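Before any comments, here is the structure.
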Amino acid sequence: MTDSKYFTTTKKGEIFELKAELNSDKKEKKKEAVKKVIASMTVGKDVSALFPDVVNCMQTDNLELKKLVYLYLMNYAKSQPDMAIMAVNTFVKDCEDPNPLIRALAVRTMGCIRVDKITEYLCEPLRKCLKDEDPYVRKTAAVCVAKLHDINAQLVEDQGFLDTLKDLISDSNPMVVANAVAALSEIAESHPSSNLLDLNPQSINKLLTALNECTEWGQIFILDCLADYAPKDDREAQSICERVTPRLSHANSAVVLSAVKVLMKFMEMLSKDLDYYSTLLKKLAPPLVTLLSAEPELQYVALRNINLIVQKRPEILKHEMKVFFVKYNDPIYVKLEKLDIMIRLASQANIAQVLAELKEYATEVDVDFVRKAVRAIGRCAIKVESAERCVSTLLDLIQTKVSYVVQEAVVVIKDIFRKYPNKYESVIATLCENLDSLDEPEARAAMTWIVGEYAERIDNADELLEGFLEGFHDESTQVQLQLLTAIVKLFLKKPTETQGLVQQVLSLATQDSDNPDLRDRGYIYWRLLSTDPVAAKEVVLAEKPLISEETDLIEPTLLDELICYIGTLASVYHKPPSAFVEGGRGVVLKSLPPRTASSESTESPETTPAGVPTGEQPDAIPAQGDLLGDLLNLDLGPPASGPPLPASSVQMAAVDLLGGGLDSLMGDEPEGIGGPNFAAPPAAAAPANVGAAMGSGLSDLFDLTSGVGTLSGSYVAPKAVWLPAMKAKGLEISGTFTRQVGSISMDLQLTNKALQVMTDFAIQFNRNSFGLAPAAPLQIHAPLSPNQTVEISLPLSTVGSVMKMEPLNNLQVAVKNNIDVFYFSTLYPLHILFVEDGKMDRQMFLATWKDIPSENEAQFQIRDCPLSADAASGRLQSSNIFTVARRNVEGQDMLYQSLKLTNGIWVLAELRVQPGNPSFTLSLKCRAPEVSRHVYQAYETILKN
Amino acid sequence: MIGGLFIYNHKGEVLISRVYRDDIGFFHVKRSNIWLAAVTKQNVNAAMVFEFLYKMCDVMAAYFGKISEENIKNNFVLIYELLDEILDFGYPQNSETGALKTFITQQGIKSQHQTKEEQSQITSQVTGQIGWRREGIKYRRNELFLDVLESVNLLMSPQGQVLSAHVSGRVVMKSYLSGMPECKFGMNDKIVIEKQGKGTADETSKSGKQSIAIDDCTFHQCVRLSKFDSERSISFIPPDGEFELMRYRTTKDIILPFRVIPLVREVGRTKLEVKVVIKSNFKPSLLAQKIEVRIPTPLNTSGVQVICMKGKAKYKASENAIVWEIKRMAGMKESQISAEIELLPTNDKKKWARPPISMNFEVPFAPSGLKVRYLKVFEPKLNYSDHDVIRWVRYIGRSGI
């Protein structure tokens, strides 16, 4: 039988002919015609005109013909929705067929017809098929629920299919279980909060049983689903790991990778002291190595994943360096990836072996590969202390005189200098010999940097740089910038001989260049040199921070996220799914489980990674809801509303001054350039600028000190983590609220746990119950470098816009930096809103107390508070809760207290203190009774701390 | 999940297109002139997609042989039928050819003739625990063939030092057994031998190497992995016909069957002298076969003169190599080839890549030292016993890729 003939008919009038054939009485002819139609469809011809004729062929006993018609329907139903209804009857009938294969075929196809009108007819047959006696039909129906959900999610929910699907997880047939898991996982992705999968130890046990019995694909679905489960403690994690490890011996590498994902994730929870932990580490290595003997495409997937794994847990593969040595016939993408992993595994112990390999690679012919090999040597030097071997290897390579090898070598040697300053200058001479062969911008820039940096040790540095300067305008920007800096460095080191040179480069940069970066840098140097050469020396020749290998690593927070995606596209791209998946699907943020300890284990709390919410810490605001809309639309600049506090006005002044400075700078330009010597162009502006900056800096300082909890103010809670680094691309924010002589502030501690510098911070609040709003912009002057922490106090006003929140004291905050905008919410203690003039007159108190209806009274118990009435009163007073009157009834002290909130709400309190009894009774009366509970909480916090 | 699957020919014309969802994003594998591409828009399991594409190739090959444009066009109806069955809404389903062939046939009209029992047997097999084998298989002669196929991979430094060597082996089984036989496979795995105890100490002393250390192994899905994990025993119900039971990797005590000693001398700019000695390093009673040594020559070679002691050698200009073939060679022997290569003077700056000398061979033993100890067959329902099964075991050692 040869079907290829169907591909060949291309004559005119074809559709017409086909139509006639489709309506023929002869079965064989009909079938032939449908095949022709399908062939045309495959090659992209439009045969939708034949829709009614093809659908007419649907009523047939011939299974092959039926399948072909179904195939046609799936393709064209969307373009002919009205006609598609014609097919519904046959589908419904087929769903009742005695043959399970036909029942399944019908329900499978119906689900693929993505037409809204059809879906309502689909529900009844689908419901039956989900409970069919035959597992083949059930497994097909399970997938069909996912199909239907994709077309009409609401319908699936309304019809209760989700519950039926959940029941299928306990089905006796493993394949039904696997498909149900796959369908549920997919549906759950579009409902991040629905808790659809609702995994618990019982259902996990069922999945693990099915895991042993189902097809390889089913095993993948189940393992991927298991990876999203959060075991309740390390024991459960271990027992799941034990049952997943056998999968590491599966022939299907996707099964292996998914098992690795589960293990890598749950290992987080295991204590490193456990024997099992080290057993698991040992078990992981061989299967990962075996993945490298798969087909090249899979090898690549495996290597990308191994790259993540060695960054997360280098100990797993530390002895397996040799398996990553490249083979002569590896495809280039495999070679490059192997090289990357080799560097990650390089250590003091194996550096000699690695270097010998890398040196071989550097003599290969593939240019990309050679370049990467040379870079790799440099990265090894930076990673492994004692770079002598690497440097001598690089020098050997320079001797080859192969242009691109030399250039790469120069680039990496520059990096080595930055890691080990003043250690390998002896090689400079060799580098200078090869100056002429450098034609790539990166190499030229690197070489220029080296010459400038070590100008005092290179006798002819000025000649070398002068050589570069000749073709200044033909160089790329990075070389120009580097040349400018290098000559300035040279001038500062040898001022007598190089004045002409520096004049020349400054005028080239400022006068003849239209690149603003270059011009700006030129002016800055010019001014620095003319105003204060000593300062210039301090600035330009300042000690530079050492570089470290971490620059090549993936950020820890991203890495943790990617570990949760082992085996998937995200792990191949090394990007989170949100970066490449369109729309909201599949972008639920995954994170590694926190390391936990079972109850009797005495692990100290410090081992809990910072930023993992425990107990009642605030959650990040879920990315939905109208509230957020407000937040998102807000401009993150300085707040427009609210009276600016002194701090912000100082800042404004500084901005003005700077602006003026800039103006004068621009105005002075022609003079500055025309001047023969270092005329100081912005003579007056510069010192003024400095002064202003100092001023604002100082006022900030004062701000800070006043913010740090002094004893006279309200109670200040210790800082709690509000925004964990994992949720904010490395930015961790912890903070607390203070109230000090009438002003409220938010004391923040910002920590950069990412690998890149953070700048451009801004903060904004959502509308909240008491109108809290920042009274000044978030002032973080210096960029926040990695691992740096900055403490800042943000003054707050209560004149922002008001919206009642649930809970009442909920505050939603958006923080922006150069990376992204992050959202979190926190609960503020109510006592920061207790104003200083909250003491009510006695008479007034009595009258008000009577006036407020008794249903507004709330009573609370404050337990375990061993304070005397006096001490309690004193402590409360410092937080602006004032004792109006006091009496002693039957040995109990009754304190009558009042307080006023910033929005003018009065709260009256009766505090009953029994000597010798640590339990206080608090009765609160207020016209707005919903604040009572929060006032009680404030009482409790104040009294107990 | 997989959004759609396409098969293209080398010109980029679509041969097969089956769309499951409205998705984009590509994975592809190539088989001769044919590209299989899967598309998706989601963060799919990439490893699974590639595994599936390979599997798809296997299934197609099992149905109609070689994957070529012609074959795909000839079987496009069948391929659509297969795709409908093995990929549902982008989720791979049972893709074992053994099971598929029971109900996806090129006749297509089988359904009318099936009895109810047959139908439910099909569905339970497709969805069941033993999806790879159908019930009711009968052979008059119960036979099985075991091939231990090993390839030796070696990485050597230019100084002749062995950097790493490993054997990747496969145990391929052809089973022609009746019923649902329960099989147990045993080999001289070090861990198993050591576990079994010291009783057999005399056996160890008889010949040097009795057990081997296996670095890692993977199994066909018929093998009960949890049992292997706990007891390290390999038990399974095999598919009918040929399948790959296991793959393994060893790195310790590998017998390298040959040693190749090259000597290259550049005589001026237009001449190259090459001498290659090969030494066989195994028992003299054994014979290696199909030996082929491939010596790459520079691109600007103008002429080659070859002298070899044994076999035939030829310069193949189209392949830029001297190919030296020896039909048979016994163990502990040595042979040599010398060649004079004449070069055209060239000013081509691009360097010659100097590809390594490669060698292919086949030896009748397993270089890793692996031995099959037993393969027990139990079929409780049918009345044939372990003794009635005829077994054939063969060892082949080959060069790596």
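The values are calculated or read from the model by the stated rules, or taken from the named source; none is laboratory data. Every value quoted in this text rests on a predicted model; they were computed, and no experiment measured them. Every residue, glycine as well, gets a Cβ built from its backbone with ideal geometry; the counts of neighbours run over all protein chains shown. Surface areas here come from the heavy atoms of the whole protein model, side chains and all, with no ligands, DNA or RNA. Shrake-Rupley method; radii C 1.70, N 1.55, O 1.52, S 1.80 Å.
Descriptive notes on the structure:
- Along its principal axes, segment A:420-546 has C-alpha extents of 36, 32, 29 angstrom, given from the largest down.
- For the peptides B:174-185, A:85-96, the ranking by mean Cβ contacts within 10 Å, running from highest to lowest, is B:174-185, A:85-96.
- Three principal axis lengths of segment B:269-324 [C-alpha, angstrom, descending]: 44, 21, 14
- Alpha-carbon centroids, segment B:279-330 and segment A:314-342: separation in whole Å: 31
- Tensor-based shape of the protein assembly as shown (alpha-carbon gyration tensor, a/c under 1.5 rounded, otherwise prolate or oblate): oblate
- Solvent-accessible surface of segment B:293-380, taken per residue with a 1.4 Å probe and all protein chains present: 58 Å².
- Per-residue mean of foreign Cβ neighbours for A:291-299 is 5 (Cβ atoms of other chains, 10 Å radius).
- Förster radius 51 Å - calculated FRET efficiency between residue A:547 and residue B:281 (Cβ-Cβ, nearest 0.05): 0.55
- The Cα-based radius of gyration and maximum Cα-Cα distance (Dmax) for segment B:297-401 are 23.5, 78 Å.
- Given R0 = 25 Å, the distance between the Cβ atoms of residue A:791 and residue A:494 translates into a calculated FRET efficiency of 0.05.
- Gyration tensor (alpha-carbon) shape descriptor, segment A:10-77, a/c threshold 1.5: oblate
- Note on residue B:102/residue B:269: beta-carbon distance plugged into 1/(1 + (r/R0)^6) with R0 of 60 Å gives a FRET efficiency of 0.35.
- In this label model, residue B:139 and residue B:242 are separated by 1.4 nm, measuring between points 7 Å along each Cα→Cβ vector.
- Too-long pairs where the Cα-Cα distance tops 28 Å, listed order kept, from A:318/B:252; A:753/A:804; A:117/A:139; A:494/A:544: A:753/A:804
- Extension gain, residue A:86 to residue A:507, is 143.4 nm, computed as 0.36 nm per intervening residue step minus the present C-alpha separation.
- For segment B:27-52, there are no residues whose amide N sits under 12 Å from a probe point set 7 Å from the Cα of residue A:554 along the beta carbon direction.
- Across peptide B:8-20, the average count of Cβ atoms from other chains found within 10 Å of a residue's Cβ is 2.
- Burial here means at least 30 square angstrom less accessible surface with every protein chain in place than with the chain by itself, probed at 1.4 Å; in segment B:244-258 the buried residues are B:249.
- Cα-Cα pairs of segment A:249-350 separated by more than 16 Å (percent): 56
- Membrane-span-like helices of chain B, defined as complete DSSP H segments with a Cα extent of 18 Å or more along the helix axis and a mean Kyte hydropathy of at least 0.5, are identified as B:46-64.
- Environment charge of residue B:263, counting only residues whose C-beta is closer than 9 Å and scoring Lys/Arg +1, Asp/Glu -1: +1
- Given A:383/A:414; B:174/B:195; A:312/A:590; A:839/A:900; A:30/A:66; B:190/B:371, the pairs whose alpha carbons are separated by over 18 Å: B:174/B:195
- Fluctuation leader among B:221, B:42, B:125 - chain B, Gaussian network, Cα springs under 10 angstrom: B:42
- Straight-distance crosslink candidates among lysines, where the alpha carbon sits under 18 Å from residue B:312 and sequence neighbours closer than 8 are dropped: B:275, B:279, B:290, B:327, B:333
- For peptide A:134-145, the mean count of partner chain Cβ atoms within 10 Å of a residue's Cβ comes to 4.
- Over the protein assembly as shown: helical MRE at 222 nm, DSSP H runs n ≥ 4 each giving -39500 (n - 2.57), nearest 500: -13000 deg cm²/dmol
- Global form of segment A:203-299, assessed from the alpha-carbon gyration tensor, a/c cut-off 1.5: oblate
- Cα-only radius of gyration and Dmax that characterise chain B, units Å: 26.1, 82
- Full extension of the chain segment joining residue A:892 with residue A:24 gains 302.1 nm, where the gain is 0.36 nm per residue of separation less the Cα-Cα distance.
- Scaling against 2.2 N^0.38 Å puts the C-alpha radius of gyration of segment A:863-945 at 1.03.
- Contour minus Cα-Cα distance for residue A:841 and residue A:868 (0.36 nm per residue): 7.3 nm
- Neighbours of residue B:69 by Cβ distance under 10 Å: Lys/Arg scored +1, Asp/Glu scored -1, total 0.
- In the B-A interface, the accessible area buried, summed over both sides, Å² (probe 1.4 Å): 7600
- Relative contact order [Cα under 8 Å, 6+ residues apart], chain B, whole percent: 15
- Separation in nanometres of the label points that stand 7 Å from Cα toward Cβ, at residue A:470 and residue A:574: 4.1
- Segment A:70-113 residues near the modelled residue A:128 label - backbone nitrogen below 16 Å, point 7 Å along Cα→Cβ: A:88-111
- The simple spin-label model puts a point 7 Å past each Cα toward its Cβ; for residue A:93 and residue A:158 those points are separated by 2.9 nm.
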